[in-house]
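The values are calculated or read from the model by the stated rules, or taken from the named source; none is laboratory data. In this text the structure is predicted, and so the values were computed from the model without any measurement. Every residue, glycine as well, gets a Cβ built from its backbone with ideal geometry; the counts of neighbours run over all protein chains shown.
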Amino acid sequence: MREELIVSGRMNHLIDPQLNIWHWQIPLYLFLGGLAAGILFFAALFTILGKEKEYPTAVRIAPFLVPFLLILGLLALFIDLNHKLYFWRLYTIIRLQSPMGWGAWTLMIITPLSFVWCALNIKTIFPNWNWKYNWLIDLEAFLRKHVIVISWIILIYSLILGVYTGILFSAFNARPLWNTSILGPLFLTSGLSTAAAVVIMMSKNIHERHKFARIDLMLIGIELFLIVHMFMGFLASAQVQIDAASLFLGGPYTTPFWLFVVTLGLAFPALLEFLEIKGFKMPVFIAPALVLMGGLIFRFVIAYAGQASRWLY
């Protein structure tokens, strides 16, 4: 009998069987970024449609969360960096083929705009607010005069930010689970859904709550469709994609995904929202809280399962 000793680096814990470079900071940032993008999208959309008074929570109140969400998300990204003092180098070059470049410049634009939006609506929260300085009063008047232009810019960049949170994963072709174009629209839809949940949770206007419950129902339906379509694509593809799908179909991520994301994070809150629209008295906080929980767990599951998927022959 002939014995052969094979030395390989494939079993390195940083390469195979599981790449585990991205930890909790990345999925947390993706959740916060998607939520912020969704809130800004609805605020800008209803401003453009001239429905600020009809949906005051979505347009004027919920956006006050956005600067905090973006700052926390950026802090999570900063913690994840190995070379923290060189983050500025992302802004020394523009690469259209780089998802991280798109994300960095999008955040550079949308973060100050979120502060501008809060400044334009600060008297909603603090009626006695006074800018004190004339140049600030003049600046507010100028921005208010061009609020529709600002709304269009925010609308466009919020969509880019929402899609980017999924493209950040799908750009890594070496991970079969992430190698799908579905992740971009799926993460965008999930971000919009969590934003609708926040508006439902914060609003005291039953008409506004029902409107966003209907919006969330539609978004949940789209999410479920995209999830089914994603797995159909995996199962009809190469063996590595089939193996990636098997992580959710009897593998280690089956329970967290189908129970906490699909059932408790999508299907059950959709049922509660449907019953509330039909006139049943339901606890206001349960459905949106479940949607937020499902959106957060979804990003953690995709992040860790994607790092567990691999190309092996």
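List the helices (runs of 4 or more DSSP H) inside region 210-313, counting only whole elements, that have at least 1 residues being crowded, with 18+ Cβ neighbours inside 10 Å and at pLDDT below 85.
Because the criterion is at least 1 residues that are crowded, with 18+ Cβ neighbours inside 10 Å and at pLDDT below 85, the helices (runs of 4 or more DSSP H) in region 210-313 that meet it are 239-246, 286-308.
Can you tell me which of 243, 216 is under 14 Å from residue 291 (Cβ atoms) and not hydrophobic (A, V, I, L, M, F, W, C)? Talk me through it step by step, then tell me what you get.
Numbers: 243 fails: under 14 Å from residue 291 (Cβ atoms).
Result: 216 is the single residue among 243, 216 that is under 14 Å from residue 291 (Cβ atoms) and not hydrophobic (A, V, I, L, M, F, W, C).
Could you tell me whether region 106-125 includes any residue that is over 18 Å from residue 71 (Cα atoms), exposed (fewer than 12 other Cβ atoms within 10 Å of the Cβ) and not acidic (Asp, Glu)?
The answer is yes; a qualifying residue exists.
For the structure I just gave you, tell me whether residue 187 is at pLDDT 90 or above and surrounded by 22 or more Cβ atoms within 10 Å (Cβ to Cβ).
yes
Which residue is farthest from residue 25 (Cα to Cα), if the candidates are limited to region 54-103 and must be part of a helix (DSSP H, G or I) and basic (Lys, Arg)?
60
Does region 90-99 include one or more residues that are in contact (Cβ under 8 Å) with a residue 60 or more places away in the chain, in contact with a Leu (Cβ under 9 Å, 6 or more places away or on another chain) and under 18 Å from residue 23 (Cβ atoms)?
No, there is no match, as no residue in region 90-99 is in contact (Cβ under 8 Å) with a residue 60 or more places away in the chain, in contact with a Leu (Cβ under 9 Å, 6 or more places away or on another chain) and under 18 Å from residue 23 (Cβ atoms).
Exactly one of (1) under 30 Å from residue 304 (Cβ atoms); (2) in a helix (DSSP H, G or I) is unmet by residue 173. Its number?
(2)
Any chance you could count how many residues in region 252-309 are of a type outside the set (A, V, I, L, M, F, W, C) and free of Cβ contacts under 8 Å to residues at least 24 places away in the same chain?
7
I need the full set of residues from region 19-33 which are in a helix (DSSP H, G or I) and either surrounded by fewer than 17 Cβ atoms within 10 Å (Cβ to Cβ) or out of contact with any Phe, Trp or Tyr (no Cβ under 6 Å at 6 or more places or on another chain) (or both), in order please.
Looking only at region 19-33, we keep the residues that are in a helix (DSSP H, G or I), and these are 25-33.
Of everything in region 19-33, those that are in a helix (DSSP H, G or I) and either surrounded by fewer than 17 Cβ atoms within 10 Å (Cβ to Cβ) or out of contact with any Phe, Trp or Tyr (no Cβ under 6 Å at 6 or more places or on another chain) (or both) turn out to be 25, 26, 28, 29, 30, 31, 32, 33.
Which of the residues that make up region 177-209 are in a helix (DSSP H, G or I) and more than 15 Å from the chain's Cα centre (by Cα)?
From region 177-209, those in a helix (DSSP H, G or I) are 183-202, 206-209; that's our starting set.
Those that are in a helix (DSSP H, G or I) and more than 15 Å from the chain's Cα centre (by Cα): 199, 200, 201, 202, 206, 207, 208, 209.
For residue 106, indicate whether it is of a type in the set (S, T, N, Q), assigned to a helix (DSSP H, G or I), touching a residue at least 40 places away in the same chain (Cβ under 8 Å) and over 25 Å from residue 22 (Cβ atoms). Let's see the steps before the verdict.
On the way: of a type in the set (S, T, N, Q): yes; assigned to a helix (DSSP H, G or I): yes; touching a residue at least 40 places away in the same chain (Cβ under 8 Å): yes; over 25 Å from residue 22 (Cβ atoms): no.
No.
Please verify whether region 219-240 includes one or more residues that are more than 17 Å from the chain's Cα centre (by Cα) and among the acidic types (Asp, Glu).
No, every residue in region 219-240 fails to be more than 17 Å from the chain's Cα centre (by Cα) and among the acidic types (Asp, Glu).
Which residue, of 148, 156, 137, is in a helix (DSSP H, G or I), touching a residue at least 24 places away in the same chain (Cβ under 8 Å) and on the phi < 0 side of the Ramachandran plot?
After applying the criteria, what remains is 148.
Restricting region 123-176 to residues that are of a type in the set (Ser, Thr, Tyr) and over 24 Å from the mean Cα position of the chain (by Cα), which is nearest to residue 233 (Cα to Cα)? Lay out the reasoning, then the answer.
As a first pass, look at region 123-176 and keep what is of a type in the set (Ser, Thr, Tyr): 124, 133, 151, 157-158, 164-165, 170.
Restricting the remaining residues to those that are over 24 Å from the mean Cα position of the chain (by Cα) gives 124, 133.
Values: 124: 47, 133: 58 Å.
If we take residues in region 123-176 being of a type in the set (Ser, Thr, Tyr) and over 24 Å from the mean Cα position of the chain (by Cα), then 124 is nearest to residue 233 (Cα to Cα).
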